[in-house]
Amino acid sequence: MTSKGKNGENNMAEKEWLKSVYSDTTENFVSNPYPKKGETVTFTLRMLKNDDVKHVFLRAREYGVEGLHEMKACGEDSGLAYFEVSLTIRDPRFNYHFYLVTDECIYYYSQYQISDYIPSEEHDFVLLADYDAPKWVKNAVFYQIFPDRFCNGRPSLNVKSGEYSYQGFTPTEEDWDSPAKEFPQGHNLDFHNGDLYGIIEKLDYLKDLGITAIYLNPIFLSPSTHKYDALDYFHIDPHLGGDEAFAKLISEVHKRGMKLLLDISINHISSSAKWFNKGAEFYPESEGAYNDKNSPYRDFYFFNDDNSYTAWFGVQTMPQLNYTSQKLRDIIYRAKDSVLKKWMLPPYGIDGWRFDVADCMARNEKVDVHEEVLSEIRKELKSVNKEAYLLAEEWADCASDLKGDRWDATMNYFGTGRALREFAGAKDLYHERNDILRDLNIPLTARQLASRITQFLSVVPGAIQLQQFNLLDSHDVLRLHTNKDVSEKALKAALLLQFTLPGTPSIYYGDEILLDGLYKLGEDYGCRYPFDWNWEKNPKSVESRKFYQKLISLRRTEKALSEGSFSIVAAEGFVIATARFTRDQVIFTVASRDSEERIVNLPLYLFGIKAKLIQEDLFACPLHAFLNEKENSLDITVSPGESYIVKFER
């Protein structure tokens, strides 16, 4: 009989089988994770074999109407009982959860948790019908390149000191081995002169590392090093090699079986751009919306009667684009020869876009057409290439844009980057910007990390979970390994989690060789040092790169890590253990930044796989383990700050 407390409440903690209940929308538990409307899909749920559960139902809404579908027992395997039901998918967004019926209680299972009360639908499992998924992404490993700082392939293309004037300053030609300059000294005009030919030259370096996709920061015509202030979206900067070099780069990338994602800011443009032309620094004064109220580009912007204008966050050098203009929408993304489509078509053929400041796009205090524009962009670009990866910059909770009708993914600061960095010992990326929060020393526990990961995944459709862009560092974030509060062991813990959580991992150029940098809050130049191509002379760089190679290899070769199911099996103190699994394999990640020794139980019985005693992890690190054959689990003694990846198979 099911036990109850004195107050009549069910003691859920006493029921071991509740820990084993599992389903998701991977191919392990649905017959087709990417169905078409009208297709019949079989849904599967599993749990430890038990006598408590009398009925299992899948609860869904179809055309808005709630329906219960009883699931039938369909077999047992290694102590796990399986239940299934087949349903026809009629809605583009099929959301559902499960009822587990016992004599004493009904339990409700969603992506978030098991409860003994009816849950809201925000945490439902979601199967997307007719969703144009970039299926290649879940198997990819990205490498982000900031072009000016990666490799100089053609010195003849270099920006020369004093070559032009931009907003009152002139560029400087820097020695490759010199560090990036602070903004008051460099003004983002301190050129190390990396170019596209340099990237071509180093593609085999990336291939050897194991990289399968490149995320390239902006390369359009622009006078700055970062090029988020484009002058002309329709041409590649000649100092980087121009359109011809980009066509060659794309060709060489695709020859190697790799993909390329291009970065763009279509939220704002340079005030010196051809369309705007304030100051007439690069175009005749008669041109541009700032100088001519009758300019065909005038309605691309938010002008006031006195010719003042709305700029992104008030930065006058970056006027914000006005998407109430239908002509602007045509030229940016709707027309066949629009900006975004041009670079997706021959002779280029990029594999996707990363959209800068996507959270701000098409909205401000005057208008808000954000959702409308995002949906239109998706429709237009997927008409060119259904497998195109549409990635958005977003630092906070962005679940509303991850429902299958807008972005394919965001730069996953919220669900991965911010959380893992904080777990490793850094301050939260937002908190460190605040004078009060920055001085607080409140470390993130394993329980808190588990909760942050779970809360994010619980509101995102399963197919979209697997294509999230999981990062630790970027051009906007100071390199984690340069933070004095982050130990080598803590960095390893963060990396193991980054590469084993659902989603595609991204490496910021140079992280693999521990590229030098400066951890100075508010100064992004500290993470934009030029790549050290003498890295082989540094033993630490060599050792670090080998570690990355192994990690990348595991991520690419183990299906459980790219397409497998996910669960968190332990979180105590500052040690967390996660599992990625299929029916035949489970890979555990044990990540610690604890100062104490901990014992972590790996519950193989929950995965239907027989436990065995193992002596080392997948990185050949020695393990101190105890086999509990009766329970079918393995206890691992985790020394302070040590982290492991271990694999079990049938």
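For the listed residue pairs LYS227/LYS559; LYS138/LYS160; LYS15/LYS427; LYS135/LYS630; LYS202/LYS227, the alpha carbons are over 30 angstrom apart in LYS227/LYS559; LYS138/LYS160; LYS15/LYS427; LYS135/LYS630. The residues neighbouring SER375, those whose beta-carbon lies less than 9 Å from its own, together hold a net charge of -1 under the Lys/Arg +1, Asp/Glu -1 convention. Within the shell of other residues whose beta carbon sits under 9 angstrom from the beta carbon of TYR82, the net charge comes to -2, with Lys and Arg scored +1 and Asp and Glu -1.
In sequence order, the range 54-66 has phi-based couplings of 9, 8, 10, 10, 9, 9, 9, 10, 10, 6, x, 9, 6 Hz under the Karplus curve 6.51 cos²θ - 1.76 cosθ + 1.60, θ = phi - 60°, and Gly or Pro positions carry x. Using alpha-carbon positions, what is the distance between the centroids of the range 402-478 and the range 32-70, in Å? Cα centroid of the range 402-478 versus Cα centroid of the range 32-70: 31 Å apart. Size estimate for the range 432-502 follows the Kirkwood approach: the inverse of mean 1/r over distinct Cα pairs works out to 14.3 Å. For the range 260-299, dividing the convex hull volume of the Cα atoms by the residue count gives 84 Å³ per residue. Note on the range 123-200: along the principal axes its Cα atoms extend 57, 29, 21 Å, ordered by decreasing extent.
Residue-normalised convex hull volume from the C-alpha trace of the range 497-650: 135 Å³ per residue. Taking all protein chains as shown and a probe of 1.4 angstrom, SER383 keeps an accessible surface of around 80 Å². For the Cα trace of the range 276-331, dividing Rg by the Kirkwood Rh returns an Rg/Rh value of 0.94. With R₀ set to 56 Å, the beta-carbon distance separating VAL367 from HIS624 gives a calculated FRET efficiency near 0.35. Counting Cα-Cα pairs of the range 542-594 in 5 Å increments starting at 0 gives whole-percent bin shares of 5, 19, 20, 20, 19, 13, 3, 0. Here r is the Cβ-Cβ distance between GLU616 and TYR205 and R0 is 30 Å; the resulting FRET efficiency, rounded to 0.05, is 0.50.
For THR225, the solvent-accessible surface with a 1.4 Å probe is about 10 Å², rounded to the nearest 10. If R₀ is 41 angstrom, what is the calculated FRET efficiency for the pair ASP476 and ASP103, using the beta carbon separation as r and rounding to 0.05? About 0.15, to the nearest 0.05. With both labels modelled 7 Å from their Cα along Cα-to-Cβ, the TRP136 to ARG154 distance reads 2.5 nm. Counting every C-alpha pair in the range 108-241, the share spaced more than 22 angstrom apart comes to 54%. Note that the range 507-524 has calculated 3J(HN,Hα) couplings of 9, 7, 3, x, 4, 5, 10, 6, 3, 4, x, 10, 8, 10, 4, x, 10, 6 Hz, one per residue in order, obtained from phi through the Karplus relation 6.51 cos²θ - 1.76 cosθ + 1.60 (θ = phi - 60°); glycine and proline are x.
Diagonalising the gyration tensor over the Cα atoms of the chain and scaling each eigenvalue by 5 before taking the square root yields semi-axes of 46, 30, 22 Å, largest first. Each part gets one Cα centre, and for the range 223-293 versus the range 175-220 those centres are 16 Å apart. Between the Cα long axis of helix 539-557 and the first principal axis of the chain there is an angle of about 60°, rounded to the nearest 10. Each residue of the range 428-436 is assigned a 3J(HN,Hα), and the resulting list reads 4, 4, 7, 4, 6, 8, 9, 4, 7 Hz, derived from the Karplus form 6.51 cos²θ - 1.76 cosθ + 1.60 (θ = phi - 60°), x at Gly and Pro. Segment SER78..ILE436, full-extension length gain: 123.5 nm, with 0.36 nm per residue of separation and the alpha-carbon distance subtracted. At q = 0.10, 0.18 Å⁻¹ the log10 of I(q)/I(0) for the range 257-401 amounts to -0.36, -1.10, computed by Debye summation with a single uniform scatterer per C-alpha, solvent ignored. With Cα atoms as the point set, the range 342-434 shows a radius of gyration and Dmax of 15.5, 47 Å. The base-10 log of I(q)/I(0) for the range 416-564, evaluated at q = 0.10, 0.20, 0.21 Å⁻¹, reads -0.37, -1.36, -1.45 [Debye formula, identical scatterers on Cα atoms, solvent excluded]. Placing a pseudo-label 7 Å from each Cα along the Cα-to-Cβ vector at ASP177 and ASP337 gives an inter-label distance of 4.9 nm. If you take all other residues with their beta carbon under 12 Å from the beta carbon of GLU182, and give Lys and Arg +1 and Asp and Glu -1, the sum is 0.
The values are calculated or read from the model by the stated rules, or taken from the named source; none is laboratory data. Note that the structure is a prediction, hence the values are computed from the model and not measured. Neighbour counts are summed over all protein chains in view; Cβ atoms, including those assigned to glycine, are modelled from backbone coordinates with ideal geometry. Note: accessible area is taken over every heavy atom of the protein model, side chains too, but ligands, DNA and RNA are not part of it. Shrake-Rupley method; radii C 1.70, N 1.55, O 1.52, S 1.80 Å.
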